[in-house]
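Worksheet for the structure shown next.
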Amino acid sequence: MATATASALRRIREGYWRVSAADGRVLGYVEETRPDGHLRYAASRLVAVSPSIAVLPIGEFHDREDAARALR
């Protein structure tokens, strides 16, 4: 059962997901990478920088859900 604090992980394209808050705000993105031949997931957060929005790298994770959780 979803709660008011639930967030969503939606696939945008192959190897790229959008993480959204329960209210629909986009929190950031998770991208599949293979920097050293091993599968990793890079998390990037959207940050409001007036008058625009910046993408701030958060880090790399071994698991896609861990990367998404870092943005929640």
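The values are calculated or read from the model by the stated rules, or taken from the named source; none is laboratory data. These numbers come from a predicted model, not from an experiment. Neighbour counts run over all protein chains shown; Cβ positions are idealised from the backbone, glycine included.
Pairs linking a residue in segment 37-65 that is touching a residue at least 60 places away in the same chain (Cβ under 8 Å) to a residue that is of a type in the set (D, E, K, R), with Cβ atoms under 9 Å and 6 or more positions apart or on different chains, do not occur. One residue is enough: does segment 27-43 have a residue meeting the conditions modelled with pLDDT of 90 or more, in contact with a strand residue (DSSP E or B) (Cβ under 7 Å, 6 or more places away or on another chain) and acidic (Asp, Glu)? Yes, segment 27-43 has at least one match. Do you know which of the residues in segment 35-72 that are in contact with a Lys or Arg (Cβ under 7 Å, 6 or more places away or on another chain) and outside any strand (DSSP E or B) is surrounded by the most Cβ atoms within 10 Å (Cβ to Cβ)? Selected residue: Leu71. The residues in segment 8-19 that are touching a strand residue (DSSP E or B) at 6+ places or on another chain (Cβ under 6 Å) and either modelled with pLDDT under 95 or more than 14 Å from Arg69 (Cβ to Cβ) (or both) can be counted, and the count is 8.
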